[in-house]
Structure formats: C-alpha cells, structure tokens
Amino acid sequence: ATDGTSSGPLALFRLLSNFGVALLFGAIVIISFAWPEGIEYAITVRYLRSAWIFTAVSTYLFTATAAANISGDGIGSGLIPTSWGDLIDSTPGKAAFLRIVFVLATAIAVSRPERIIDPTAQFPALVPPGLAVATLGFSRSPFTLVDNAVAVVHALSMGLWLGGVVLLTRVVLAGPGDEDLVHAVRGFSRLSTPVMWVTVGTGAIMLFRLDRGAFGTSHGVTVIFKTLIVALMIMVAMMARQFISVRLSRVDVMTTPLASRLRRALGIEAGLGVAVIGLTGVLLTMTPPGFEPD
C-alpha cells in the first residue's frame, strides 16, 4: 500500500533503501570480478561498511513504514518488528520484509571483505546482496510471473551498473594508484556495457507493460522525463567507455590527472543514475494506466 499518513516517509525510505541495496550489490560484484585487490585498501572497507549501515538503517525504516502504512497506525508502531505481520498479506509487503533480512545477511561479506574474493565463501557473500536487489522487482502488485522476472533482471542490472559506477567514483578513483586501479576500471567497463543494455531493454519492456502508450497521464509524463534522463546517462556512459577503451589501453598506472578526469566523467554518470532511481521511486507512488492495483 502507498496510501495513508505515512505515504510520504514511505516513498522517501523506499528511495533510500533502493539506492542503498544498489550501492552494496554493485560494489561487491565489481570487487569480486574486477578488483580483488580492493579489499586490501582501508578506503574500500570503510566504504562497504558505511554503505551497509546506510542501507540497513534506510531499509529498516522502509520496512517499518510499509508495515505502519498497511495497518493504518503511526510510523512509530512500525518500528517494532513484531508489528510487521501484515506485510505477508501482499507481494510488495513480503518483498519489503525479505529485503531487510537479505540486507542484514549482507553483513557476511561486509564484516569480512576477504570472503568476497575467496572461492569457498564467494557464493554466500554474493547471494544476500543480489537477493536484496531482486526484491525491487516485486514492488508492484499485481504483476504476472513474467513481469516479475523482467523486473528482477532490470533491478539486478541497474544495481550492478549504478553501484559499480559509484564505487569507481568514490573509491577506485579517489586518487592515483598502481596497475590494479587500471584493471578495476577496465573490468567495470567490460561488465557494465552489456549490463547497461540489459537495463535499457528490460526497462523498455516494463514501460510498455505499465503505460501501454498512455503517456498523457502523470505516470506517463514522469516516464517520459525518466526516459530522457536515461538517454542522457547512456550517452555519457558510452563516451566514458570509449575514453576508457582508448586511454587505459596505453597506461599501466593510474595517474592523478587521469583519475581526476575519469572521476568527473563517471561522476556525471553516477549523478544521472541517482536521478533515475529517484524518478523510479516517484513512479512507485503513482498508479500506471496499464493496470489497477489490488
């Protein structure tokens, strides 16, 4: 439910939680597959732990507010987990409850980052943040099984793209460094390019499903605005990937000027990504013309 006295806080905490789980998932995947040396840096460990605290707090508040919104009581009543029973009566409610569970389980990786790259512990470290992001695909009801599957793939690809680019701007490119930083940026570029197109493709499918071409509604107008931001983000991302492909193929270390230039470019991409996820949160407060909620 999104109606009631807590609808404003619900939208805010959902937005913060969505952003947080994307940060965690993208960072852990990029470290796992493109930057295993990252766990040796104190700044990386601090970033992971700060992101987890932010995500855990915002997701707890989101879950509590969602429960209070369903029961019709004040937000304070939802702060007690024993009052969350009403969440299991709907698919979005179950997803909200499971999200806090998976976010808390992500402490497995955050508390000991070496598990992210340890082959024997890597799978358990990757699953909780992945499942936390996947819950974003169940934020609407009613959805068919196919709709949910598309939404889950969209959420996972979006989380990897946005979380990865924020990790680069905040951690990898925080300053000059050795060859591992160059490898991290190259690895992110290789992973993010196909992920970007998966995000766009699944987003287009969801757009058709939700709006059915009725773009004259408030939901449709917001979708058009979001689409323009996404298009700009893609343009910036493609320019950044081209720069990475050309410039980083000829260097062995990350110099200060190179790190600064990459940080600016990827920072714009990250900023647009935050705007997109914000507009997605706004859209979740609206009823799309494609269907009526339960």
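For region 1-70, the gyration tensor built on C-alpha atoms gives a prolate shape. Its axis ratio a/c (a ≥ b ≥ c) is at least 1.5, and a/b is the larger of a/b and b/c. Estimated at 0.36 nm per residue, the fully extended path between Val198 and Thr256 surpasses their Cα-Cα distance by 17.6 nm.
Rolling a 1.4 angstrom probe over region 89-136 with all protein chains present gives an accessible area of which 71% lies on carbon and sulfur atoms. Averaged per residue, region 149-242 has 43 square angstrom of accessible surface, using a 1.4 angstrom probe with ligands and nucleic acids left out.
Using only the C-alpha atoms, the convex hull of region 125-283 corresponds to 107 Å³ per residue. The heavy atoms of Trp84 present about 20 square angstrom of accessible area, all protein chains included, probe 1.4 Å.
For the chain, the normalised intensity computed at q = 0.08, 0.15 Å⁻¹ comes to -0.35, -1.14 (log10 of I(q)/I(0), Debye sum over alpha carbons, equal scatterers, no solvent).
From most to least packed by mean Cβ count within 10 Å, the peptides 267-280, 197-210, 153-166, 111-124 give 153-166, 267-280, 197-210, 111-124. Legend: Rg and Dmax of region 90-203, from Cα coordinates, 15.9, 50 Å.
For region 150-204, the share of accessible area belonging to carbon and sulfur comes to 65 percent (1.4 Å probe, ligands and nucleic acids excluded). Restricting the calculation to Cα atoms, region 21-115 shows an Rg/Rh of 1.09 when the hydrodynamic-style radius is the Kirkwood one. Rolling a 1.4 angstrom probe over the protein heavy atoms with all chains in place gives region 24-108 an accessible area of 42 Å² per residue. Counted residue by residue at 0.36 nm each, then reduced by the alpha carbon distance between them, the extension gain from Glu179 to Val127 reaches 15.8 nm.
Using a cutoff of 8 angstrom between alpha carbon atoms and counting only pairs six or more residues apart, the relative contact order for the chain works out to 22 percent. Note that region 194-204 has calculated 3J(HN,Hα) couplings of x, 4, 4, 6, 5, 4, 5, x, 5, x, 5 Hz, one per residue in order, obtained from phi through the Karplus relation 6.51 cos²θ - 1.76 cosθ + 1.60 (θ = phi - 60°); glycine and proline are x.
The values are calculated or read from the model by the stated rules, or taken from the named source; none is laboratory data. In this text, all values refer to a predicted model and were calculated from it rather than measured experimentally. In this analysis, Cβ positions are derived from the backbone assuming ideal geometry, glycine residues included, and neighbour counts consider all displayed protein chains. Side chains included, ligands, DNA and RNA excluded: accessible areas come from the protein's heavy atoms. Shrake-Rupley method; radii C 1.70, N 1.55, O 1.52, S 1.80 Å.
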